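Just below is one structure, and these are the notes that go with it.
The values are calculated or read from the model by the stated rules, or taken from the named source; none is laboratory data. This structure is a prediction, so every number in the text was calculated from the model and none was measured. Here the Cβ positions follow ideal geometry from the backbone for every residue, glycine too, while neighbour counts run over all protein chains shown. Note: areas computed on protein heavy atoms with side chains; ligands, DNA, RNA excluded. Shrake-Rupley method; radii C 1.70, N 1.55, O 1.52, S 1.80 Å.
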Amino acid sequence: MEMATWHNWARTEHASPQQFDTPGSTPELAAVIVRAAEQDRRVKAVGAGHSFTGVAVTDGTLVSLDRMTGIEAVSPTDTGALVSVRAGTRLHELSEELWSLGLALPNLGDIDVQSVAGAISTGTHGTGTNFTGLSAQVRALTTVLADGSIVECSPEHNPDLFEVSRLGIGAFGILSNVTFECVSAFRLRAHETPSSLSETLDSLDDRLRADHFEFYWFPHTDGVLTKTNTRLPGATPVDPVGRIRGFVDDEILSNGVFNAFQHLGTRAPSLIPRLNSVSARALSERTYTDRSHRVFASNRRVRFKEMEYAIPVEALPAVLEDIATWLSRTELRIGFPIEVRFAAADDVWLSTAHRRATAYVAVHQFHRGEHREYFSAVEAIARSVGGRPHWGKLHSLTAAELSEAYPRFDDVLAVRDRVDPQRMFDNACLRRVLGA
Ligand SMILES: Cc1cc2nc3c(=O)[nH]c(=O)nc-3n(C[C@H](O)[C@H](O)[C@H](O)COP(=O)(O)OP(=O)(O)OC[C@H]3O[C@@H](n4cnc5c(N)ncnc54)[C@H](O)[C@@H]3O)c2cc1C
């Protein structure tokens with residue numbers, strides 16, 4: 001099938017693939033790869049296109065796994081179950097299916113429209129000092145390699161390939177199936193409250209004892225919106241956001257009014273500090289309880305560009321102070337809140353939280369705004385404390401710089417040389433971050 005053009009959600013990347021395939025099974029996927037090799041075409045899988053970089057771009061064959069969805073097998077464990085899911089499944093579909101089985105993913109990011117494979121391939125994470133990102137929750141997977149072979153991987157079988165495939169930026173093969181370690185279904189009580197940056201940082205140790213804590217800082221102000229989610233048993237009665245309150249807070253304030261503010265701020269940047277103060281004050285305190293995945297994820301309709309750096313958690317106050325100093329000196333006016341989240345250390349080779357307790361600092365710019373000066377200032381600050389950029393979000397690092405940030409980088413490259421010597425899954429983004 002031909003596809004005229006493809007673009008990602010943020011409209012920062014476009015592609016004109018020669019071929020577009022939607023296989024319905026693992027053998028069909030293998031046949032697509034073999035055919036592409038015969039025709040001397042590179043291959044790239046795409047999920048929901050929610051990466052901000054060109055990580056899913058190709059001019060060869062673009063493969064969507066939108067026909068390979070749903071749960072395939074469930075094997076109960078003491079704490080939940082190992083759940084094998086087809087790799088094209090969207091996270092929100094998986095969460096609903098899991099809920100009907102009395103199960104859940106232990107943690108999620110702030111949206112859930114991504115595909116399972118796309119989300120793990122770039123190290124998608126949520127927040128919570130005792131919780132890891134999605135890739136570290138993977139216990140086994142099936143991948144189709146450049147020669148069309150179908151390989152099962154786990155810590156016991158093909159452990160090196162398993163390590164690079166559970167967070168592989170699409171460089172090692174196309175995943176057809178992923179097995180997650182899931183937990184028993186749970187609800188979350190969300191408590192959102194306005195605060196100040198100084199107070200939030202002063203009380204950070206206490207706040208980080210919560211199951212899932214994050215905050216949004218409104219640049220050019222001291223205003224912060226904190227979000228604290230507490231895990232409750234699955235049978236706890238729900239008390240979701242009322243329809244009117246939800247409409248006012250989520251649709252009008254967070255999406256509608258926020259969108260209008262972004263347009264206004266783009267035309268008149270000097271208004272941004274005042275608009276940020278209004279935004280920070282307008283979002284008032286609220287508490288609600290709902291199914292875990294409905295609390296973790298929300299709708300994001302205001303289109304933006306994003307860079308996110310993972311830093312050692314202890315460096316967070318100094319990094320935010322440096323960003324505040326930079327903001328006080330620059331003429332630029334930043335209209336998007338800075339998002340701060342947390343994660344436990346894990347051992348995934350390319351995880352941004354590899355072997356260290358992590359704070360994530362995410363900066364955004366309205367899709368129509370110029371982001372380069374802002375992002376590169378924050379990038380320099382984050383890099384000065386050993387920051388690692390999110391694999392699906394904007395950054396400027398190359399393989400040489402990334403190899404210093406990841407102790408297993410050489411092992412990653414060795415597996416790539418072994419399983420994809422002809423660079424079947426290559427594209428410009430991968431050449432920059434992994435080398436030729
Ligand atoms: C509004 C918004 C909110 C976001 N929130 C968060 C968040 O809370 N936390 C977070 O960490 N990130 C977040 N992200 C980033 C997002 O989770 C990642 O970029 C993720 O990769 C997107 O998944 P996708 O299905 O769209 O993958 P795509 O962007 O389509 O692809 C990502 C990569 O995965 C590869 N890939 C896709 N399918 C396969 C496959 N079957 N086998 C092998 N490789 C494959 C692609 O080739 C590409 O390299 C957000 C992004 C947006 C736009």
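Kindly indicate the residue of region 384-436 that is of a type in the set (Lys, Arg) and free of Cβ contacts under 8 Å to residues at least 24 places away in the same chain and also farthest from Glu314 (Cα to Cα) among those meeting that condition. Before the answer, list the steps.
The first filter runs over region 384-436 and keeps only residues of a type in the set (Lys, Arg), leaving 388, 393, 408, 416, 418, 423, 431-432.
Filter once more, keeping what is free of Cβ contacts under 8 Å to residues at least 24 places away in the same chain: 418, 431.
Numbers: Arg418: 38, Arg431: 32 Å.
Once the filter is applied, the top-ranked residue is Arg418.
Pairs only if they're at least six apart or on different chains, beta carbon under 7 angstrom, first in region 90-106 and over 14 Å from Thr79 (Cβ atoms), second of a type in the set (S, T, N, Q); list them, first residue then second.
Arg90/Gln114; Arg90/Ser115; Leu91/Gln114; Glu93/Thr69
Keeping to region 179-228, report how many residues are under 15 Å from Arg291 (Cα atoms) and small (Gly, Ala, Ser).
3
Can you tell me which of Thr325, Thr289 is polar (S, T, N, Q) and open to solvent by less than 20 Å² (accessible area, probe 1.4 Å)?
Criteria check complete, one pass: Thr289.
Any idea which of Ala45, Ala10, Ala37 is within 10 Å of the ligand (Cβ to nearest atom), over 24 Å from Phe366 (Cβ atoms) and small (Gly, Ala, Ser)?
The match here is Ala45.
Does Phe425 fit the bill of being under 30 Å from Glu38 (Cα atoms), among the aromatic types (Phe, Trp, Tyr), surrounded by 14 or more Cβ atoms within 10 Å (Cβ to Cβ) and over 18 Å from the mean Cα position of the chain (by Cα)?
Considered against the rule, which asks whether it is under 30 Å from Glu38 (Cα atoms), among the aromatic types (Phe, Trp, Tyr), surrounded by 14 or more Cβ atoms within 10 Å (Cβ to Cβ) and over 18 Å from the mean Cα position of the chain (by Cα), Phe425 comes out as yes.
When you scan region 69-87, do you find a residue that is outside the structural domain of Leu232 (by TED's automatic domain parsing), modelled with pLDDT of 95 or more, open to solvent by less than 20 Å² (accessible area, probe 1.4 Å) and within 8 Å of the ligand (Cβ to nearest atom), even just one?
yes
Just to check your reading of the model, which residue among Ala357, Ala318, Ala344 is assigned by TED's automatic domain parsing to the domain that holds Arg209, farther than 26 Å from Ser165 by Cα and of a type in the set (Gly, Ala, Ser)?
Within the list Ala357, Ala318, Ala344, the selection yields Ala318.
Are any residues in region 21-38 touching a residue at least 40 places away in the same chain (Cβ under 8 Å) and either open to solvent by 30 Å² or more (accessible area, probe 1.4 Å) or in a loop (DSSP other than H, G, I, E, B) (or both), and if so, which ones?
Thr22, Pro23, Gly24, Ser25, Thr26, Pro27, Ala31, Val34, Ala37
Being within 16 Å of the ligand (Cβ to nearest atom), touching a strand residue (DSSP E or B) at 6+ places or on another chain (Cβ under 6 Å) and open to solvent by 30 Å² or more (accessible area, probe 1.4 Å) is true for just one of His390, His367. Which residue is that?
On the way: His390 fails: open to solvent by 30 Å² or more (accessible area, probe 1.4 Å).
Result: His367 is the single residue among His390, His367 that is within 16 Å of the ligand (Cβ to nearest atom), touching a strand residue (DSSP E or B) at 6+ places or on another chain (Cβ under 6 Å) and open to solvent by 30 Å² or more (accessible area, probe 1.4 Å).
It is to be established whether one or more residues within region 286-308 are away from the ligand (no atom under 15 Å from the Cβ), at pLDDT below 75 and over 30 Å from Gly392 (Cα atoms).
Checked against the condition, which is being away from the ligand (no atom under 15 Å from the Cβ), at pLDDT below 75 and over 30 Å from Gly392 (Cα atoms), region 286-308 yields no hits at all.
Just to verify a result, which residue in region 98-139, among those that are open to solvent by less than 30 Å² (accessible area, probe 1.4 Å) and assigned to a strand (DSSP E or B), is nearest to the ligand (Cβ to nearest atom)?
Ser115
State all residues of region 32-66 that are of a type outside the set (Gly, Ala, Ser) and touching a helix residue (DSSP H, G or I) at 6+ places or on another chain (Cβ under 9 Å); if no residue qualifies, say none.
Within region 32-66, Arg41, Arg42, Val43, Val46, His50, Thr53, Val55, Val57, Thr61, Val63, Leu65 meet the criteria.
Give the residues of region 355-378 that are touching a helix residue (DSSP H, G or I) at 6+ places or on another chain (Cβ under 6 Å) and in a loop (DSSP other than H, G, I, E, B), sorted by residue number.
Ala357, Arg368, Gly369
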